[in-house]
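Novice: Starting off with a structure, shown below.
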Amino acid sequence: MNTDKMEYGSAANHYLTALVEAAALKGVDVDILMQGIGLSRQDLYRPEHRIPTQKLADLQKAIWQWMNDESMGLNDMVIPYGSYYMMGQLTVNQPTLRKALILGIRFYNLLFRREQITLQENGKSVTLRLVLHKPELDYHHLFAEICLLSWHRYAAWLIADELPIIESHFPYPTPAHVGEYSYLFPGPHNFESKELSLIFPTHYLDREVRQNSASLKVFMNRCPLELFRQYKADYSLSGELKPLIKSGLQNRIVTIQYCANKMHMTPRTLMRKLRDEGTSFQQLKDIIRRDRAMHFLSQTTISINEVAERVGYSDPAVFTRAFRSWTGDTPRAYRMKTIDE
């Protein structure tokens, strides 16, 4: 597992289980697909066990291709494999994000033969709204989340900048994997809402499209992996804080007081602002520690004790307990699995 792949971190087991269940219901031989990317049914239904995002994306792409359906049977209409790329080809040469999104939405609504996606400007904010006409098909809400991710990540990629989310709405109860949302959909989350939507600042619609047909091929070839990461130009407080935490881990000085001082604010203000973004200092710290530990453990020349030190633990036993709580495996067991793969 190389460094490029590890930079995408890991995802909740929920997504793997939901993907496999959806595909199996449609007759896909999921065992063959999972085996091809180093997964098995033993990896399913383990809420405490995290999955490398690269493997999750590889499985999703394999299911798209097998079914020739980018909705994986979770929508009441088939979305032929390659539709997302076709939408990209139609929109990547538009002058502004507004024109690109309007054209992309028109393409999908023609594909669905009805209005399923809308873009509504409301003064200083704009709402991207999706309508699932048979939401009962998407009982894990997998398609709903992938749709929102697809539009948000593509829009951010088009302008080569972070596209801040003012708030997101989901027409279902708070899920067990809600912790993932602070990364996937940064900002306030509203569950049991009347709609599925994202709201972002209107002025971003006037931003120039900075991509072209050549860069589109690279982006689409890396999809759906690209959907699971935020654009690198992250101007949220969480985005500013992550490099501080990473550098602080190396010097063992990662405290909220240290980070607050570096960001010229009080710890109380820092905690409040992070809460407004739907996360916390400890959550960010644990996510960074977890993903860095998974990365280091995949490099077999680094001892487990040294991995513990690199992610800020002076006591290997404490690190082992933390790692097990994050992934469901001990560091040694996780390392053996990555070696086998």
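Novice: Taking the Cα centre of the chain as origin, work out the dipole magnitude from +1 charges on Lys and Arg Cβ and -1 charges on Asp and Glu Cβ, in debye rounded to 20.
Specialist: 760
Novice: Give the separation of the Cα centroids, the stretch 278-319 to the stretch 138-171, in Å.
Specialist: The stretch 278-319 and the stretch 138-171 have Cα centres spaced 29 Å from each other.
Novice: Tell me the Kirkwood radius of the chain: reciprocal of the mean inverse pair distance over distinct alpha-carbon atoms, in Å.
Specialist: After inverting the mean inverse Cα-Cα distance, the result is 21.2 Å.
Novice: Still on this model: Mind checking the full-extension length gain between residue 29 and residue 305? Use 0.36 nm per residue of separation minus the Cα-Cα distance, one decimal, nm.
Specialist: Full extension from residue 29 to residue 305 adds 95.3 nm.
Novice: With the calculation restricted to Cα positions, what are the radius of gyration and Dmax of the stretch 81-177 in angstrom?
Specialist: Calculated on Cα positions, Rg and Dmax stand at 13.9, 41 Å.
Novice: First check a/c for the stretch 3-67, with a ≥ b ≥ c the square roots of the eigenvalues of its C-alpha gyration tensor; if it is under 1.5, answer rounded, and if not, answer prolate when a/b is larger than b/c or oblate otherwise.
Specialist: Judged from the Cα gyration tensor, the stretch 3-67 comes out oblate (a/c at least 1.5, b/c at or above a/b).
Novice: Another one. Pairs of Cα atoms under 8 Å, at least six residues apart: use those to get the relative contact order of the stretch 237-340, whole percent.
Specialist: It comes to 24 percent, rounded to a whole number.
Novice: With point charges of +1 on the Cβ of Lys and Arg and -1 on the Cβ of Asp and Glu, referenced to the Cα centre of the chain, which listed residue (64, 97, 33) lies farthest in the positive direction of the dipole?
Specialist: 97
Novice: How large is the Kirkwood hydrodynamic radius of the stretch 240-297, in angstrom, based on all distinct alpha carbon pairs?
Specialist: 11.7
Novice: What is the fewest-to-most order of 72, 86 by other Cβ atoms lying within 10 Å of their Cβ?
Specialist: With the fewest neighbours first, 72, 86 line up as 86, 72.
Novice: May I ask you to derive the relative contact order of the stretch 83-228, considering only C-alpha pairs under 8 Å and at least 6 residues apart, and to give it as an integer percent?
Specialist: It rounds to 32 percent for the stretch 83-228.
Novice: Would you mind calculating the relative contact order of the chain from Cα pairs under 8 angstrom and at least 6 residues apart, reporting the percent as a whole number?
Specialist: 18
Novice: Another question, if that's okay. Using all C-alpha to C-alpha distances in the stretch 260-333, build P(r) with 10 Å bins and read off the rounded percent in each one.
Specialist: Binned Cα distances yield the sequence 19, 42, 24, 15, 0.
Novice: Still on this structure: How big is D for the stretch 137-211, in µm² s⁻¹ as a whole number, if Stokes-Einstein is applied with the Kirkwood radius of its Cα pairs at 4 °C and 1.567 mPa s?
Specialist: Approximately 99 µm²/s, per Stokes-Einstein.
Novice: Here is a further query. Which distance in Å, rounded to a whole number, links the C-alpha centroids of the stretch 253-271 and the stretch 34-109?
Specialist: If we compute the Cα centre of each part, the gap is 38 Å.
Computed from the coordinates by the stated procedures, all read-outs in this text should not be read as laboratory data. If you're wondering where the values come from, they're calculated on a predicted model, not measured in any experiment. Here the Cβ is made from the backbone with ideal geometry for all residues, glycine too, and neighbour counts use every protein chain on show.
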